[in-house]
Amino acid sequence: MSTTSGVCILKPEFVQLDVHRELNLDHVSDKDKRKLESEGIADNLEPHVKKQKLSKKEKKALRGQNKSRGPTFRRDFSKELCICLINIEPDEEIPKCTRNKCSFLHDVDEYLKSKPKDLGENCYNFDISGKCSRGLACRFGGSHISPDGKNIVDQEKFKQYAVNAPYTTNQLQFEVQTALRKRTYNFDLSESLIKYNDCIRKKEEVSKDVKLVGSVTDEDIIKLKAKEKKKIDFTNKLFLSPLTTVGNLPFRRICKEYGADITCGEMAMCTTLLQGASHEWALVKRHKSEDIFGVQLCANNPHFLTKCGEMLQKEADIDFIDLNVGCPIELVYTNGGGCGMMRRTRVFESCIKNLTDILSIPLTVKMRMGVYSNDNIAHKLAPMVRDCGASLLTIHGRSREQRYTKSSNWDYIRTVAVAASPLPVIGNGDILSFEDYQKAREVAPEISGVMIGRGALIKPWIFTEIKEGKLLDISSSERFDILKKYTNYGLEHWGSDNIGIENTRRFLLEWLSFLYRYIPVGILEKPPQKINERPPSYKGRDELETLMASPAASDWIKISEMLLGPVPENFHFLPKHKANSYN
């Protein structure tokens with residue numbers, strides 16, 4: 001086979017020629033269905049699959065991303081048991097519901113009769129802890145639900161489990177949530193510090209212009225600015241990148257088991273954290289296996305960031321806070337956050353100064369080369385990041401305009417590392433093998449380590465490969481075992497009831513949109529695989545490997561059903577990339 005730019009070369013016996021992809025309307029948004037109708041491409045939308053070879057016009061009509069994706073699963077409250085009845089143990093009396101207008105079921109016998117068949121014989125949560133918190137609602141509840149509708153607890157195992165608990169920390173406490181929502185949480189120190197630093201910057205006298213609040217004094221602020229910070233050695237560490245949507249706690253656990261040294265939660269919006277929103281605080285949760293763990297924050301001004309830094313340091317167990325100055329998403333950028341901060345130098349500087357002053361843990365900063373592809377500015381900003389007190393700078397070797405269309409520029413990453421010295425710099429971009437890692441360290445010897453994002457999503461064992469200095473040819477059964485482990489971790493994290501299962505399925509499908517891009521080493525003509533090279537259609541060494549190589553969302557759902565049972569009737573998964581609407 002001839003070498004083509006951007007195409008991964010496979011062994012000829014595995015390549016499938018003349019493969020026709022079919023449009024699967026189950027994974028097309030309503031908006032795009034109307035677009036297909038208006039352009040006369042889809043004559044009949046009734047069949048689930050429109051069987052024909054794709055035309056250029058059809059491909060163009062469904063190009064890009066599905067930006068507004070709804071939930072994959074909607075609850076039917078009338079078929080679910082009230083939470084007050086789910087967790088009744090054998091010796092307990094059945095309580096009465098205290099809600100005024102409760103739309104859930106309150107008849108245990110009726111619920112158990114109408115409840116769908118269990119998805120498996122053993123409940124993972126019950127097996128590891130002796131108690132399933134989802135009780136009667138558990139879809140694997142046969143092993144811990146008594147005939148009279150009580151939730152059985154293995155007391156001895158639960159006591160042993162409780163000794164090491166909590167396995168997951170950083171739960172949002174009710175008192176904290178209430179204070180945030182009522183705006184009674186004490187942010188006096190943050191507010192005073194911001195005013196203090198603003199006055200210093202404007203060269204005004206602090207005593208005349210700063211109105212101190214409560215018991216906070218100048219001495220408090222001076223002590224705060226001079227305090228000793230916790231130290232983290234970032235040298236030669238493998239850093240798992242903060243990954244929106246897919247970088248959840250179960251996925252990070254998988255990466256830790258394969259050798260990731262440092263993990264970081266998904267990007268969290270400061271405004272939403274400060275409102276006490278449970279879904280945003282879920283991004284702060286930490287598993288006990290994450291020995292060096294940080295939280296990534298995104299905001300467009302120092303007020304939100306400083307308050308968030310103070311609050312998280314008090315209320316959560318974290319080792320560092322990462323400031324996102326690299327998010328390319330339009331909404332974040334236009335509001336002045338993410339990459340937008342790189343164009344607002346004074347605000348950027350104020351954010352770092354105030355955060356480093358308020359924190360006793362390290363502040364790290366992650367940014368791209370610049371906003372525009374022809375104007376790299378990170379090397380100009382790096383000395384300011386260093387001088388303002390940050391403990392680490394991470395550089396993604398692309399600009400905002402480039403997104404992921406160009407290869408990561410490791411020569412420029414080296415330029416930034418030199419400009420930032422002696423501040424440690426981590427390089428990020430296009431690491432998918434030990435060879436890529438080795439080349440990056442050779443091109444940019446000044447960097448302290450590497451951060452891996454997409455490479456970990458495509459093959460989470462990349463951390464093991466780098467530490468052992470070799471390629472691993474992981475079989476389809478081994479990869480399936482990784483997915484089994486992930487679903488178990490998902491059921492532990494999100495729960496084993498209907499909602500927990502469908503949350504686990506949703507995030508599994510999001511991860512499968514990256515996992516299918518892995519090409520087994522034994523199929524490659526010239527390993528290793530490069531991250532920006534796509535293979536032609538190919539068959540695997542067995543049926544499961546072929547299924548795992550499918551770029552179609554419908555095949556990802558088949559894999560999820562092998563692990564989590566059939567999808568419910570009202571299930572609808574819209575893939576992020578429209579190209580995955582094809583079989």
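Looking across the stretch 94-138 at every residue that is in contact (Cβ under 8 Å) with a residue 40 or more places away in the chain and in contact with an Asp or Glu (Cβ under 8 Å, 6 or more places away or on another chain), the one that is surrounded by the fewest Cβ atoms within 10 Å (Cβ to Cβ) is identified as Ile128. Consider the stretch 373-389 and keep the residues that are hydrophobic (A, V, I, L, M, F, W, C) and open to solvent by 10 Å² or more (accessible area, probe 1.4 Å). The one that is farthest from Lys353 (Cα to Cα) is Ile377.
A single entry from Leu17, Leu23 fulfils the requirement of being open to solvent by less than 50 Å² (accessible area, probe 1.4 Å), at pLDDT 80 or above and touching a Ser or Thr at 6+ places or on another chain (Cβ under 9 Å): Leu23. In summary, Asn580 fulfils each of the numbered conditions (1) in contact (Cβ under 8 Å) with a residue 24 or more places away in the chain; (2) surrounded by fewer than 20 Cβ atoms within 10 Å (Cβ to Cβ); (3) under 23 Å from Gln65 (Cα atoms) with the single exception of condition (2). Among all positions in the stretch 446-464, there is no residue which is over 22 Å from the mean Cα position of the chain (by Cα), among the hydrophobic types (A, V, I, L, M, F, W, C) and open to solvent by 10 Å² or more (accessible area, probe 1.4 Å).
Every residue, every condition in (1) over 30 Å from Lys459 (Cβ atoms); (2) open to solvent by 20 Å² or more (accessible area, probe 1.4 Å); (3) modelled with pLDDT of 70 or more, yes or no:
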site	(1), (2), (3)
Lys202	yes, yes, yes
Ile221	yes, no, no
Leu224	yes, yes, no
Leu249	no, no, yes
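Within the set Cys270, Cys255, Cys308, Cys339, the sole residue that is open to solvent by less than 10 Å² (accessible area, probe 1.4 Å) and under 26 Å from Glu492 (Cα atoms) turns out to be Cys255.
Just to be sure, is Val49 under 30 Å from Glu533 (Cβ atoms), touching a strand residue (DSSP E or B) at 6+ places or on another chain (Cβ under 8 Å) and at pLDDT 85 or above? When the stated conditions are applied, Val49 does not pass them.
The set of residues in the stretch 527-541 being out of contact with any helix residue (DSSP H, G or I) (no Cβ under 7 Å at 6 or more places or on another chain) and either on the phi > 0 side of the Ramachandran plot or open to solvent by less than 70 Å² (accessible area, probe 1.4 Å) (or both) consists of Gln529, Lys530, Asn532, Glu533, Pro535, Pro536, Ser537. Being open to solvent by 10 Å² or more (accessible area, probe 1.4 Å), in a loop (DSSP other than H, G, I, E, B), more than 16 Å from Phe348 (Cα to Cα) and of a type in the set (Gly, Ala, Ser), is that true of even one residue in the stretch 273-280? Within the stretch 273-280, one or more residues are open to solvent by 10 Å² or more (accessible area, probe 1.4 Å), in a loop (DSSP other than H, G, I, E, B), more than 16 Å from Phe348 (Cα to Cα) and of a type in the set (Gly, Ala, Ser). Highlighted here are the helices (runs of 4 or more DSSP H) found entirely within the stretch 321-405 that include at least 2 residues which are under 15 Å from Ala420 (Cβ atoms) and of a type in the set (Lys, Arg): 378-387.
The values are calculated or read from the model by the stated rules, or taken from the named source; none is laboratory data. Predicted, not measured: the structure shown is a model, and the values here were computed from it. Every residue, glycine among them, receives a Cβ derived from its backbone with ideal geometry; neighbour counts consider all protein chains shown. Please note that ligands, DNA and RNA were not included when accessible areas were found on the heavy atoms of the full protein model with its side chains. Shrake-Rupley method; radii C 1.70, N 1.55, O 1.52, S 1.80 Å.
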